[in-house]
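Everything on this sheet refers to the single structure shown next.
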Amino acid sequence: MTNASKAAPIVLGTLSLLTVLGLWEWSAAAGLAVSTVLPPPSQFMAVVAESGFRIGMGSQASPISQSLVSTFLRVFTGMGIAFAAAILTGALLSLSRVATWCISPLLYLLAPIAPIAWIPTAIVVFGISNTAAIFIVFMGVYFVLTIATLSEIRRIPPEFHTVAANLGASPFERFYRVTLPAILPGVFVLLRSNFTAAWMAVLVAEMVGLRDGLGAIIMMGRNLFNNDLILFGMVIIGVSGFVVDRVLNFISNRIVWWRV
Amino acid sequence: MTISPPMDVDSLPPDIAAGSCVRPILEASRLSISYPGQRGTVVAPLQDFSLAIQTGKITCILGASGSGKTTLLRALGGFITGAPTGGVLFKGRYLQAPTPEIVMIFQENNLFPWLNVRDNVGFGLRYRPWTGEQKESRLSSIIETVGLADAIDRYPHQLSGGMRQRAAIARALVTEPRVLLLDEPFSALDVTLRRRMSEMTNMIWSALGTTMVMVTHNVEEAITMGHRVVILGYQPARIILDEDTSDPEFKDRYGTTFLALQRRIENLIE
């Protein structure tokens, strides 16, 4: 791939984004009705900057970075635990066909449940807390990743295990030197595609129950009839989600890049 | 390695018990292997089969598809155990499981895609009771021998088919096994590369003297590479030709000795 063709998606993507922003700013400057519902970035950014990038009323106002950290912590803790637990469960299940037959129906029944559906249960069980949010993310990702792990383990060429055993690796060494690296890229791809679901689940949880986080910014904007705050919250959520997706994409392509 | 106590030599088949002046390193002794087939049938590729593998020689096994070549090779490697009768004897003891002393190379999927050449080749070294220096020296030496010194940091997807198989051979040999089993290792390569790989394998054998057993479909490869060519008849497998091909006359592809044997083997396999 030449440098020009590598740069083309970035240049075109940036140009299209700038066009949308330009149209948005122009519509507000032209006094179109849409600007009252969708204030342009120059407006809501100025308002938020005036408050020193702090969200909340009076002494209870907290920096935006705190909301960002709270949301990220919830999403990544939930996803990290789910990722590790799914690989462990998948690996253990792969050792026994009977165990797989017993557990599989449960996995396939629970996997399609959207993480948002777990919000009421999580709040009842854990109360309004970080644990509830982490639990929601976990439930939204764990079952899908466990199924993916099982499927990835089945895809490993039997020769890999034969070679490792033949060269002297014990069953445990075969797990962490062969099975684990062989399944990591496939499971990670699914983790990345499930990030959006986990991200949305936490935001909804923050909107309906938890008092901080990026979702709570939007709810505060709604309660105060403050469109600037709502739009600012939406932009922060969009940009953070985009950055995380790029980071996960980088990990997928550069760190766990191999395909079995 | 799990092995049973030494067996009684009197219980060996006459051909093995009589033996040659050099005791075979590996022997299929009255080996029977069967497994369930389709619609309740039983497939029995090996029945009361015996074959002695000579120490320090290259034995090539040929036969029609389904003649039990690969089953035999896997059994020789200890990958198929629990045979109802007979077994595989390694250094005079029944083989119960795979052992690092008998290493197998497959047609494909030999290399781990997440490891570079150096780490792939050195995979088995950590299980050897050698010092770090000894391991390092053996690793460098074998990578040099197979001509991959310039590709040491490359990953399998950055290697050609021939380079991948050379890396697989290096990985198998770096642990200094007593026996190397090759299951059609060059069948995915083109004719020119196959010949180069055969020559390289012979060169490695000259340097290390490792006992090798190779299953192949290629008659030319078997005659030119092997010191002995064994042809298996259809199931249950039986030896229909066992020819000593160590004489240099067999190595001339255009010579009458080579061509006569090639024609004879092709007729037998057909």
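The values are calculated or read from the model by the stated rules, or taken from the named source; none is laboratory data. What you see is a predicted model; the values in this text were computed from it and never measured. Cβ placement follows ideal geometry from the backbone for every residue including glycine, while neighbour counts extend to all protein chains displayed. With ligands, DNA and RNA removed, areas are computed over all heavy atoms of the protein, side chains included. Shrake-Rupley method; radii C 1.70, N 1.55, O 1.52, S 1.80 Å.
Each Cα pair under 8 Å and six or more residues apart adds its sequence gap; the mean of these over the residue count of the stretch A:43-255 is a relative contact order of 26 percent.
For the peptide A:158-164, the mean number of other protein chain Cβ atoms found within 10 angstrom of a residue's Cβ is 6. Over chain B, calculate the relative contact order: mean separation of alpha carbon pairs under 8 Å at least 6 apart, over the residue count, as a percent. Once normalised by length, the contact order is 24 percent.
Taking only alpha carbon atoms, the stretch B:12-157 gives an Rg to Rh ratio of 1.05, where Rh is the Kirkwood radius. The solvent-accessible area of B:I142, taken with every protein chain present and a 1.4 Å probe, is close to 10 Å².
Summary of the geometry: the stretch A:118-168 and the stretch B:229-244, compared by the centres of their Cα atoms, lie 51 Å apart. Here the spin labels are modelled as points 7 Å beyond Cα on the Cα-Cβ line, and at A:F126 and A:V208 they lie 1.5 nm apart. Candidates B:I169, B:V117, B:I143 compared by Cα position along the dipole of the stretch B:111-176: farthest toward the positive end lies B:I169, with charges placed on Cβ. In order along the stretch B:113-125, the Karplus-derived 3J(HN,Hα) couplings, from 6.51 cos²θ - 1.76 cosθ + 1.60 at θ = phi - 60°, round to x, 8, 10, 7, 4, 4, 6, 5, 5, x, 3, x, 5 Hz, and Gly and Pro are given as x. Note on B:E249 and B:S65: the extension gain reaches 63.4 nm, defined as 0.36 nm multiplied by sequence separation minus the Cα-Cα distance.
Quick one: compute the contact order of the stretch B:111-176, relative version, from alpha carbon pairs under 8 angstrom and 6+ residues apart, as a percent. It rounds to 54 percent for the stretch B:111-176.
Per residue, chain A exposes an accessible area of 53 Å² to a 1.4 Å probe, with every protein chain left in place. Averaged over residues, the count of other Cβ atoms within 10 Å places the peptides B:219-231, B:37-49 in the sequence B:219-231, B:37-49, highest first. Share of carbon and sulfur in the accessible area of the stretch B:45-175 stands at 43%, probe radius 1.4 Å.
Cα centroid separation, the stretch A:58-105 to the stretch A:233-250: 19 Å.
Taking chain B as a Gaussian network of alpha-carbon nodes connected by springs under 10 Å, the highest mean-square fluctuation of the residues B:T216, B:T257, B:T131 belongs to B:T131.
Taking Lys and Arg as +1 and Asp and Glu as -1, the other residues whose beta-carbon sits under 15 Å from that of A:S42 total -3. For the chain pair B and A, the buried solvent-accessible surface (1.4 Å probe, both sides summed) amounts to about 2000 Å². With the simple spin-label model, which puts each label point 7 Å out from Cα in the Cβ direction, the A:A117 to A:W258 separation comes to 3.8 nm.
Taking the helices alone, chain B has a mean residue ellipticity at 222 nm of -9500 deg cm²/dmol, built from -39,500 (n - 2.57) per DSSP H run of at least 4 residues and averaged over all its residues.
With the convex hull drawn over the C-alpha atoms of the stretch A:165-260, the volume per residue is 104 Å³. Peptide B:101-111 shows a mean partner chain C-beta count of 4 within 10 Å per residue C-beta.
With the simple model of a label 7 Å out from the Cα in the direction of the Cβ, B:R196 to B:S140 spans 2.6 nm. Springs between alpha-carbon pairs under 10 angstrom, Gaussian network model over chain A: which of A:I81, A:I218, A:I103 fluctuates most? Taking springs between Cα atoms under 10 Å, the residue moving most is A:I103.
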